[in-house]
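Novice: Can you read through this structure? Questions will come right after.
Computed from the coordinates by the stated procedures, all read-outs in this text should not be read as laboratory data. None of these values were measured; they are calculated from a predicted model. Using ideal geometry, Cβ is built from the backbone for each residue, glycine included, and neighbour counts are taken over all protein chains shown.
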Amino acid sequence: MLEYSCTENLSLFTNDTLKTYFDTCKLIKGDFVIGGFFPLHYVAPKPQHSYSSKPQLTPCSGFDHRAFRWMMTMVFAVEEINRDSSLLPGVKLGYRIMDSCDHVHTSMQALFSLISHSKGVTAPTLPSCLTGSPVPAVIGLASSSPTRAVAHTLGPFNIPLKSHIRGLVQLVTFLDWLWVGTIGTTDDYSQYGIQAFSNQFRQQGGCVAFHLTIPKSPTAAQVQEMADRLQSSTAQVMVVFATEGQLLDLLLELAHRNVTGIQWVASEAWVTASLLTSPGFQPLLEGTLGFSFPGVRIPGLKEFLLNVRPSPEPGMEFVNMFWEELFDSHTVDNLMGLDDFDSEKPVCTGSDDLRYTDSSFTDVSQVRISYNVYKAVYAIAHALHDLLNCESAELKKGICEKQKSFTSRQLLDHLKTVNFTNQFGEKVYFDSNGEPVPLYDIINWQKDSKGEIRFIKVGSYDGSAPLGQQLQMEQSTIVWTKGQSQVPVSQCSAPCPSGSRQARRRREPHCCFDCLPCADGEISNQTGSTECTKCPEFYWSDKDKVKCIAGVEEFLSFFDTMGIILVILTLLGVVLTTIITTVFHRFRFTPIVKANNSEISFLLLLSLKLCFLCSLVFIGRPSAWTCRLRQAAFGISFVLCLSCLLVKTIVVLLAFQSNVPGSRALKLFGPSQQRTLILCTTAPQVCLCAGWLLGAPPFPFRNPTYQATTGKIVVECKEPWPPGFYLVLGYIGLLAFLCLLLAFLGRKLPDTFNEAKLITFSMLIFWAVWISFIPAHVSSPGKFTVAVEIFAILASSFGLLLCIFVPKCYIILLRPERNIKKGMTGKYPR
């Protein structure tokens, strides 16, 4: 048996060697001969050259029944066209088919044998298999690496070559697999395929967890290392760009380890490979998903294949190889001594019936790559139809102009413009890049009732369809890895739930991240959000951080516990002031009331009552009028109160100074002068408040500053001119300081009833309250700011009321014996 040898350097062979080597081909002569490359063997041994002797012819191994079907489909298509009198009338197509061994260097050697004759090499240097008509076109290989090498070589010769196309990114991303591993080999098919896949996959947001490269001839240690790497990965989906022969060692190791649970995504090179459907691979590969070319049932093909028989005639070597492989026997070639053979094997008679064999060669229920080969032959035939003017020949009932000379470039130009509809209703044409329309079936590996793997169509991909409609899948019909009905999950990190965002981990792919909860005032209402969205102004995130809710307005309400307490204290102060006023009015003619200008005392009580009442303006929802009124009322009330205290302090000092002989101080500071002083000290505050309210009045404002911590919007009075408040407060402080200073000067007056001491003590309380008020006011959040100011007003008002008037009421009501003129001068009995 003669088999195809695998060597890298064609020039090392003599003419005799070439003849023996290239006689292994399939040939039929014709007016125009189509070349063909098919990977009839899937294991090509590595060439070993010493360059000191002629290289030995090392045969390829691993005969591929499926590739042999592809080859015979080309033969079937050529014979079918030759029988068709309408497509190429008067023209007979021939073919010259060679084995590529699914490897680059063997494909190149077969290529050189074809193009050397096409370029005019003399007949004596060529084997008989290659003599005849030139080869204007070549049907391409199944694997992309040999195809790429052959295409680059054919370029200068202008010989067209047809091959297959791929697509996987949409399939993977459609199933939400964004964390995958890739497996490939060192050839161009794998490298270019994985590079293109990875680039587009990353653009769609995916991440490649790792990449395994299978060496040409992997050692056992390398295979085990790859298996360890694959098992240790968190990626559950593996995208594989390789042929079944290249994957065999790795898959055998994984099957030996009983590895399951991996979802395999196959490139078209092995998605329908029967070699991997044996029972030993089923636990590992069940559920495999991938793209394949559309499958059809070609009428007459099965009968044609079943009639294939071995023969000793030249050009039948491939048929004989297939027959020997299928029936484990020897053909006539072996008996003629052309190759070593095992004498224990039976002699093949060719009478066996292929109908009863279980082989991928006879499985033509849904042929895919075979259909591509079939279409390629017809595409070339239609190009020749146009090139040889067969249309006009039909009109004249003649034949095509088969004597017409043309170049391969001219045939290529006509091939690019081919546009016809075949018998299956498919429109065959090429795009501007010379590529066929990308149309694929999505294949799923499923077990049938007999426990055998079947290739089931579960979807389709049409690259010419509008974006978003290209991929169509019936997920309910898919069986996933381990026979599961749920789509496997493959992710580095689980998608972040609503209410959180993804935080990428340093030095790791973007698919690996941590989930961080959204900050206060931000939400994310979708799973897998990369950013949290800030809520609109005056809105707040709920506790789950999934939706924005309107912020709750907060202000010191009359119905709050704090508001109720402050209102009670205010009313208590007003009631107490009213009671004291009533007592003073009832005993207005007594010495203790008359002693210090009762009119000033009543005015002071009135101002204290206003101080208590002005705190009510600070409670409740701020409005335009309350914002303007509250600070003005507070400022004027306290200035009036302090003005009265200032006058009373001066009167006390002058009263005791009048005991000095010749002193007329008290007479010069009579009631009219006292009223004038109160008016003069109060007027500046009135003018200041009026100017402040007219120029830059406070207004209601919804302050979201505290929303970040409380989720509430504080409704407060905003002061567009803050110096106004501080000027009002400063003027109050100035009067309080004068009162304290004058009262302090009178502290050594006779202590039988020293009002200066009482004023001094009350002013110390006043200063203590308002000095504490400033830091408390600044640091208190929200409504507590208002509460602090109300507390300061009430505390200082109570301090003045209790320190100045309660001792007098005590004497009036409980010690009336001291309420005499002598009591005021210290001359009453104790």
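Novice: If you average over every viewing direction, what projected area does the convex hull of the Cα atoms of the range 423-559 give, in nm²?
Specialist: Reported value for the Cα convex hull: 17.9 nm².
Novice: For LYS450, what charge total do you get from the other residues with a beta carbon under 15 Å from its beta carbon, if Lys and Arg give +1 and Asp and Glu give -1? Before the final figure, lay out the partial values.
Specialist: On the way: positive: LYS447, ARG454; negative: GLU286, ASP358, ASP363, ASP448, GLU452.
That sum, taken over residues with Cβ under 15 Å, equals -3.
Novice: Relative contact order (percent) for the range 561-825, with alpha-carbon contacts under 8 angstrom and 6 or more residues of separation? If you can, show how the numbers build up before the last one.
Specialist: Details: 312 pairs, mean separation 63.7, N = 265.
In percent, rounded to a whole number, it is 24.
Novice: Would you please give the residues with an amide H less than 5 Å from that of HIS41, counting only those at least 5 places away or on a separate chain, with H modeled from the backbone geometry?
Specialist: Under 5 Å from the amide H of HIS41: ASP64, SER100, CYS101, ASP102.
Novice: Another question, if that's okay. How long is the range 561-825 along each principal axis, judged by its Cα atoms, biggest number first, in Å?
Specialist: 69, 36, 28
Novice: Continuing with this model, one more query. Between beta-carbons, use under 13 Å as the cut-off and find the net charge around TYR810, counting Lys and Arg +1, Asp and Glu -1.
Specialist: Net of charged neighbours comes to +2.
Novice: What are the extents of the Cα atoms of the range 265-331 along their three principal axes, listed from largest to smallest and rounded to whole Å?
Specialist: 44, 30, 17
Novice: Once you order the gyration tensor axes a ≥ b ≥ c over the Cα atoms, which shape class does the range 235-286 get: rounded for a/c under 1.5, otherwise prolate or oblate by comparing a/b with b/c?
Specialist: Values: a/c = 1.55, a/b = 1.15, b/c = 1.35.
Oblate.
Novice: Any of LYS302/LYS402; LYS375/LYS416; LYS547/LYS718; LYS594/LYS757; LYS447/LYS482 with alpha carbons more than 20 Å apart? Name them for me.
Specialist: Violating the 20 Å limit, Cα to Cα: LYS302/LYS402; LYS547/LYS718.
Novice: Please go through the residue pairs LYS216/LYS450; LYS545/LYS783; LYS427/LYS450 and name each one whose alpha carbons sit more than 29 Å apart in this structure.
Specialist: Working: LYS216/LYS450 36 Å; LYS545/LYS783 26 Å; LYS427/LYS450 37 Å.
Violating the 29 Å limit, Cα to Cα: LYS216/LYS450; LYS427/LYS450.
Novice: Taking the alpha carbon gyration tensor of the range 500-550, what are the square roots of 5 times its eigenvalues, largest first, to the nearest whole Å?
Specialist: On the way: eigenvalues 120, 15, 12 Å².
The answer is 25, 9, 8 Å, longest axis first.
Novice: Near ASP514, within a Cβ-to-Cβ distance under 12 Å, what is the net charge of the other residues, with Lys and Arg +1 and Asp and Glu -1? Working shown, then result.
Specialist: Numbers: positive: ARG501, ARG504, ARG505, ARG506; negative: GLU508.
Combined, the nearby Lys, Arg, Asp and Glu give +3.
Novice: Does the range 501-607 come out rounded, prolate or oblate by the C-alpha gyration tensor, with a ≥ b ≥ c the root eigenvalues, rounded set by a/c under 1.5 and, if not, prolate when a/b is larger than b/c and oblate if not? Please list the in-between numbers first.
Specialist: Values: a/c = 7.01, a/b = 5.00, b/c = 1.40.
In terms of gyration-tensor shape, prolate.
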